[in-house]
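A short worksheet on the structure shown next.
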Amino acid sequence: MAKPAADDPIRNLATRRAIAATRGEKVSRTVARLVARSIADDGLSPGASLPSEQEMAKNFGVGRASVREGLRLLEAQGLVTVRQGLGGGPSVAEPTGAAFGDTMSMYLQANDIRFAEVVEAVIEMEGLTAALAAGKVAGGDVDPDLLRSLELEDHDNASNREFIEQSLGFHDTLRQLAGNYPIALMASALAHLYSDRALGFHASEWSEMERGAFDDQHAVIARAVLAGDVDGARSLAVAHMRESVTMVLGENPTINQDRVDWK
């Protein structure tokens, strides 16, 4: 059985040398990078426990204050969770597009980016992911369970919240089918920035006409993807997003001139 990282003198020595080699960088940031790297190297899943602050301080040869600050950096990025109290401690978090989108909003705000650019990016990214998904289907490189999840759910008795979750879930499935994590993450982050703000400007109730329009458009996109029609899937997804933006923001066009604010 392989030795745990905490008991591996060779690994600990390499870690200490890595910290010593980055003297121009804050120790806490170096600790954060090494923890993030170890999560990937050890293949840790969300929820997996990480060594305690005390153990990390000993293994890295640094003070607990540096470890604590490093963990806070990772927690702010949505990569770890730190629970306080008895039985608490750091653990691996579930990286999400929403968390990445919140971080992205900080950069967009700093550059005085307007919501209209987010809308444009969302439209193009949804077209790209639909095209990639269709390409994967055409190549036979897809998960059958994901394909089955493209089947549309019945919205007749769905609440507004359920309708929105199911509609957003359709696009999430396309991103997963695209089979490219960096693109899917970026598309999910942009979709979060868009939906988190735009949906707040729509009336609380979604009409039967609006629900029907979304269902019909999702259905034709799904058919194009399942047929492996790359160009068709892209153009249909772009057209759907343009229409949905008009539907959601139709009565609030000035939102496009609002600056994206860091959440």
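The values are calculated or read from the model by the stated rules, or taken from the named source; none is laboratory data. Remember, it's a predicted structure, so these values are computed and weren't measured experimentally. Cβ: placed from backbone, ideal geometry, glycine included. Neighbour counts: every protein chain shown. Accessible surface areas use protein heavy atoms only, side chains included; no ligands, DNA or RNA. Shrake-Rupley method; radii C 1.70, N 1.55, O 1.52, S 1.80 Å.
What to note about this one:
- Counting residues in segment 135-158 that are modelled with pLDDT of 95 or more, farther than 22 Å from residue 238 by Cβ and in a helix (DSSP H, G or I) gives zero.
Residues checked against (1) more than 25 Å from the chain's Cα centre (by Cα); (2) within 15 Å of residue 119 (Cα to Cα); (3) surrounded by 15 or more Cβ atoms within 10 Å (Cβ to Cβ); (4) of a type in the set (Gly, Ala, Ser):
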| residue | (1), (2), (3), (4) |
| --- | --- |
| 193 | no, yes, yes, no |
| 222 | no, no, yes, yes |
| 226 | no, no, yes, no |
| 236 | no, no, yes, no |
| 248 | no, yes, yes, no |
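- Residue count for segment 68-91 under the criterion of being without any contact (Cβ under 8 Å) to a residue 40 or more places away in the chain and farther than 15 Å from residue 28 by Cα: the result is 9.
- Some residue of segment 95-107 being in contact with a Gly (Cβ under 9 Å, 6 or more places away or on another chain) and of a type in the set (Asp, Glu): yes
- Condition met for residue 132 (closer than 18 Å to residue 238 by Cβ, touching a residue at least 24 places away in the same chain (Cβ under 8 Å) and either touching a strand residue (DSSP E or B) at 6+ places or on another chain (Cβ under 6 Å) or in a helix (DSSP H, G or I) (or both)): yes
- When restricted to residues that are under 11 Å from residue 227 (Cα atoms), open to solvent by 50 Å² or more (accessible area, probe 1.4 Å) and aliphatic (A, V, I, L, M), segment 131-151 contains 1.
- Pairs where the first residue, in segment 203-216, is in contact (Cβ under 8 Å) with a residue 24 or more places away in the chain and the second is of a type in the set (Phe, Trp, Tyr), C-beta under 7 Å, 6+ apart: 206/163; 211/163
- Of all the residues in segment 83-92, those that are modelled with pLDDT of 95 or more and of a type in the set (A, V, I, L, M) number 1.
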